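Please treat every number below as a calculation from the coordinates, not as lab data. It should be emphasised that the depicted structure is a prediction, and the values quoted were computed from it without experimental measurement. FYI the Cβ positions are ideal-geometry reconstructions off the backbone, even for glycines, and counts take in every protein chain you see.
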Amino acid sequence: MTEQQLVDGCIREDRKCQETLWNLYASRLLTVSIRYCQNREDAEDVLMEAFVKIFDNMSAFRGQSSLETWMRRIVVNTSINKIRSRKFTESIDNEALHIGYSDNAFDAMDAKALMKMLESLPVGYRMVFNLFAVEGYSHKEIAELLTIDEGTSRSQLAKARKALQDMIEKKGVMHT
């Protein structure tokens, strides 16, 4: 089944197409929501809510990006909205820091250890880090999405990177 046939089937509310879409993408999209949420339960809630939105709005998919990219954006936005609705807000200052870090430090880590470290970051740091470093959003897009200044986005990214770097050094994971 092609992507377009799958989309058309979901628009028609064909349960087989909806099930196929779920089976193809649910685990990847759950990974996206886990990066934003405090725990797996919240991430699963986000995934379910996102799939409802995906199915309800499938006719809005225009094919300007891949279906997966379109769905990832819905999951990211749903995750952010969940965080906002649960009042996981923290004060995010506007101080723009330019802290250097070494990408090589992250090379020495396995994905599971990095995910644990990401989960331990303050919500603001984690959201900006995920949006920028993982999802590929620009600071301008992040600022609009989170209703913060671009400088705040840059600052939060720098602080997240610094915090991750400190955690890596503290655990002795770095090889110098």
Using 7 Å Cα-to-Cβ label points, what is the ASN77/VAL134 separation (nm, one decimal)? 1.9
Could you sort out which of LYS53/LYS162; LYS16/LYS53; LYS82/LYS170 sit more than 27 Å apart by Cα distance in this structure? LYS53/LYS162; LYS82/LYS170
Relative contact order (percent, whole number), the range 103-171, Cα cutoff 8 Å, 6+ residue spacing: 34
With no solvent and one point per C-alpha, what does the Debye sum give as log10 I(q)/I(0) for the range 103-171 at q = 0.13, 0.18, 0.22 Å⁻¹? -0.35, -0.64, -0.90
Computed label-point distance, nm, for sites ALA26 and GLU119 using a 7 Å Cα→Cβ extension: 2.1
Classified through the alpha carbon gyration tensor (a ≥ b ≥ c as square roots of its eigenvalues; rounded if a/c is under 1.5, else prolate when a/b is larger than b/c, else oblate), the range 3-85 comes out prolate
Which one of ILE54, ILE83, CYS10 has its Cα pushed farthest toward the positive end of the charge dipole of the range 3-85, where Lys and Arg give +1 and Asp and Glu give -1 at the Cβ? ILE83
